[in-house]
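Let me give you the structure first, and then I'll get to my questions.
The values are calculated or read from the model by the stated rules, or taken from the named source; none is laboratory data. This one's a predicted model, so the numbers in the text were calculated from it and none came from an experiment. A quick note on method: Cβ atoms are made from the backbone with ideal geometry, for glycine too, and the neighbour counts reach across all protein chains shown.
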Ligand code: CTP
């Protein structure tokens, strides 16, 4: 249908980028990117008019998103043709607009295009050696200034390399290292670095990419104390176990695995270093709270459980509840991964499997019936009742 609309408007339309790359690699990718030689917004508007879908446009960038009724999205971009209208401007290059559009991209493997209309339908366009690099499993830039033009590509190179099991090409790695040495990463805002880090940590298994970041001195760049010790591997493996355990037991409950892994990365940083890293990367306030306040609270609680076990009586269930209840699931899973003490592990798992769902069955009207006037005392009564229930002192209503 995209091809049909393009044909009717006399435009050439291509599927491009990651979608085509993954098609050739036989990997699923539902992020469909379309480039139109001409006005992409007009194309998208005509498509939306004919078929049942909404459109969101970004005029400044000449892009649009087609949103189908089932929320499936197609990104549409415009390859500018006006540059080629003047006599002599790249006259001999067939499909110069799409070629130039692809030339601006990060790595050769992302420069494939498939024609979607007319007699060319289904034809693969490979202007920059993408098929060769897919075969050689190489991440290569298109030109020497790629990392200088967009330093976030340093992180993207690592992400693609590790996700696809490829290798950054020798020349590309040299360019990457020299862009870093020359401080180009400092020129992009901390929040852009953070966005790239999040994408890396959202990969199914981020450890290989983290090790590669260490190898390319990127961890040191993030913070000088961020040296990945040997035990990091064990920690990430433990984190994976804790995440799998949680997902198996509580299917469907949200668990942002990338947060657990990111907390593992921070494990050897002191509280001050974590706070300054969060500031530098312009991390959102809620996440900052998780990385600083909640992380510290989890460290304190697990140390306390350990200490109490050694020196006095083990903590009561109501105490465990009070320590863990304010903390995000991901912080608790990190604490689980980090602790090698059986007692701490047991407390965390009993919190997840039992304590956190214990509730006080009494409601306000029940207390009122006892002749107690509403006021702050109600909160105290609920808290005391819940504690009694948690500690097994109060079994029934
Ligand atoms: N791109 C780029 N430089 C960037 C970001 C993106 O050149 N800093 C280009 C890439 O060539 C990519 C396209 O824009 O193919 C779309 O970006 P994105 O959706 O991030 O890339 P995908 O390849 O689709 O990545 P993923 O598989 O992770 O979705």
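Can you pull out every residue in the range 354-392 that is within 30 Å of residue 306 (Cβ to Cβ), assigned to a helix (DSSP H, G or I) and touching a helix residue (DSSP H, G or I) at 6+ places or on another chain (Cβ under 7 Å)?
355, 387, 390
Still on this structure, please answer the following. Would you tally the residues in the range 157-174 being under 19 Å from the mean Cα position of the chain (by Cα) and surrounded by 18 or more Cβ atoms within 10 Å (Cβ to Cβ)?
6
Then there is this: Hey, could you check the range 19-51 for residues that are assigned to a loop (DSSP other than H, G, I, E, B) and more than 32 Å from the chain's Cα centre (by Cα) and say which is nearest to the ligand (Cβ to nearest atom)?
For the range 19-51, the residue satisfying everything is 38.
Failed condition for residue 347, given (1) in contact (Cβ under 8 Å) with a residue 24 or more places away in the chain; (2) more than 29 Å from the chain's Cα centre (by Cα); (3) surrounded by fewer than 19 Cβ atoms within 10 Å (Cβ to Cβ), with all others met?
It is condition (3) that residue 347 fails.
If you take the residues of the range 156-189 that are assigned to a loop (DSSP other than H, G, I, E, B) and either touching a strand residue (DSSP E or B) at 6+ places or on another chain (Cβ under 7 Å) or at pLDDT 95 or above (or both), which of them is farthest from the ligand (Cβ to nearest atom)?
169
Take the conditions more than 23 Å from residue 238 (Cβ to Cβ) and surrounded by 21 or more Cβ atoms within 10 Å (Cβ to Cβ) and apply them to residue 278. Does it pass?
Here the answer is yes, as residue 278 does meet what is asked.
State which residue is farthest from the ligand (Cβ to nearest atom) when the search covers only the range 136-155 and only residues that are assigned to a loop (DSSP other than H, G, I, E, B) and buried (at least 18 other Cβ atoms within 10 Å of the Cβ). If you could, list the steps in order and put the result at the bottom.
Step one: list which residues in the range 136-155 are assigned to a loop (DSSP other than H, G, I, E, B), which gives 137, 140, 142-145, 150-152.
Keeping just the survivors that are buried (at least 18 other Cβ atoms within 10 Å of the Cβ) gives 140, 142, 151.
Working: 140: 12, 142: 9, 151: 9 Å.
Here the answer is 140.
Given the criterion within 23 Å of residue 41 (Cβ to Cβ), at pLDDT below 95 and within 14 Å of the ligand (Cβ to nearest atom), identify the matching residue among 114, 98.
Just one listed residue meets the conditions, 98.
Identify, from the list 318, 339, the residue that is crowded, with 19+ Cβ neighbours inside 10 Å and closer than 15 Å to residue 238 by Cβ.
Working: 318 fails: closer than 15 Å to residue 238 by Cβ.
After ruling out the rest, the residue left standing is 339.
Could you tell me whether any residue of the range 12-28 is out of contact with any helix residue (DSSP H, G or I) (no Cβ under 6 Å at 6 or more places or on another chain), surrounded by fewer than 16 Cβ atoms within 10 Å (Cβ to Cβ), farther than 23 Å from residue 124 by Cβ and modelled with pLDDT under 95?
Within the range 12-28 (the criterion being out of contact with any helix residue (DSSP H, G or I) (no Cβ under 6 Å at 6 or more places or on another chain), surrounded by fewer than 16 Cβ atoms within 10 Å (Cβ to Cβ), farther than 23 Å from residue 124 by Cβ and modelled with pLDDT under 95), the answer is no, since none of the residues qualifies.
Further question: Exactly one condition in (1) under 17 Å from residue 351 (Cβ atoms); (2) buried (at least 19 other Cβ atoms within 10 Å of the Cβ) is not met by residue 262; state its number.
Failed condition: (1).
Testing residue 225 on (1) surrounded by fewer than 17 Cβ atoms within 10 Å (Cβ to Cβ); (2) within 20 Å of residue 265 (Cα to Cα); (3) touching a residue at least 60 places away in the same chain (Cβ under 8 Å), one condition comes back false. Which one is that?
Status for residue 225: all satisfied but (3).
If you don't mind, there's one more thing I want to ask. Just the residues that are over 10 Å from residue 114 (Cα atoms) and either touching a residue at least 12 places away in the same chain (Cβ under 8 Å) or near the ligand (Cβ under 9 Å from one of its atoms) (or both), please, taken from the range 9-18.
9, 11, 12, 18
Pairs only if they're at least six apart or on different chains, beta carbon under 7 angstrom, first in the range 316-327 and over 17 Å from residue 343 (Cβ atoms), second modelled with pLDDT of 95 or more and surrounded by 19 or more Cβ atoms within 10 Å (Cβ to Cβ); list them, first residue then second.
327/294; 327/298
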